[in-house]
Amino acid sequence: MKGLIIRQPWIDLILDGKKTWEMRSKATNVRGEIALIRAKSGLVFGTARLMKSGAPLGRLDYMAHTDKHAIPEAMLDEVIENGWVHPWVLDQIRVLPRPVPYTHPSGAVTFVNLDPSVVAAVKSGGSVKDPSAPIGHPPSAMSYSRPSEKIDVEPTATQAPTSSVPTDYNGPIFVFRPETAQAYGRPLPDGRFLVLKDSSAMRSGSPNVKRDAHDRDRLVREGVLVSDGDNRYRFTRDHAFSSSSKAAGIIKDGNSSGPSLWKHVKSGRSLKDSEALCSESVA
């Protein structure tokens, strides 16, 4: 049995029966029963049958099937731009009474081949080796208005970036998900943009225009960015950039318009629109 890695909140929506299309950047030939793995948890939380890999969706198709993929209209431009257009259709979704731990192989970002002992535990109902392991699937830390995993995983994944939204920072939190990376950050009062610890950045992106590698190399030398799996860096600590575009460029590995690419984690509004709305309310 293979295990599919899915970030919150999308795995929660699947387990709750509110999402049956897992959106990915490419088709898959995998069919049949699969395990549902919550990204970064080391645990299998349920099973489903992967029925088919559908044709890529356009914007109108996306809007017509919101009840299946659960991605809001405010996110569609970002999702389509990043290529998350292939629906992996699931049914026979089952939640395990107790999550089953597994060993995550290095480099696995979409599917995991599960050991026979793990498969047996999953099929028998989910007894766990560690009695202190959580029961059931935890509530999502994110509003479901943000897309899922991008490990390959719908734009949010693992081992992709952390799936939960940080809560110990003042001010609104924004997210940027180019290719397989996922970064969280917030604007600072002095105009700089703070990227939060455990965000990830593309090691080698595919932008139209590359940025000068000097700044990225410096961040690597200083230990701010460290290698984190397949073609990604991870931020070891919070880091303030001179602007949201500078931050986005480092994360995407190419020239980027930060004000339009950073999206509010709850509303889905761009940083530019959010700041404009804030200015209007103050006025």
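Bear in mind these aren't lab numbers, they're just calculated from the coordinates by the rules spelled out. In this text, all values refer to a predicted model and were calculated from it rather than measured experimentally. Backbone-built Cβ (ideal geometry, glycine too); neighbour counts: all protein chains shown.
Here is how the numbers come out for the structure above:
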read-out: Residue (of N113, P56, A74) at the positive-pole extreme of the stretch 2-123, dipole from beta-carbon charges; value: N113
read-out: Rounded, prolate or oblate (a/c below 1.5 giving rounded, otherwise prolate when a/b exceeds b/c) for the stretch 174-282 by Cα gyration tensor; value: prolate
read-out: Out-of-range pairs (alpha-carbon distance over 18 Å; input K68/K123; K26/K52; K2/K123; K68/K272; K68/K252); value: K68/K123; K68/K272; K68/K252
read-out: Burial ranking of peptide ranges 34-43, 18-27 (average Cβ count within 10 Å, highest at the top); value: 34-43, 18-27
read-out: Convex hull volume of the stretch 2-123 per residue (C-alpha atoms, cubic angstrom); value: 102 Å³
read-out: Environment charge of S270, counting only residues whose C-beta is closer than 11 Å and scoring Lys/Arg +1, Asp/Glu -1; value: -1
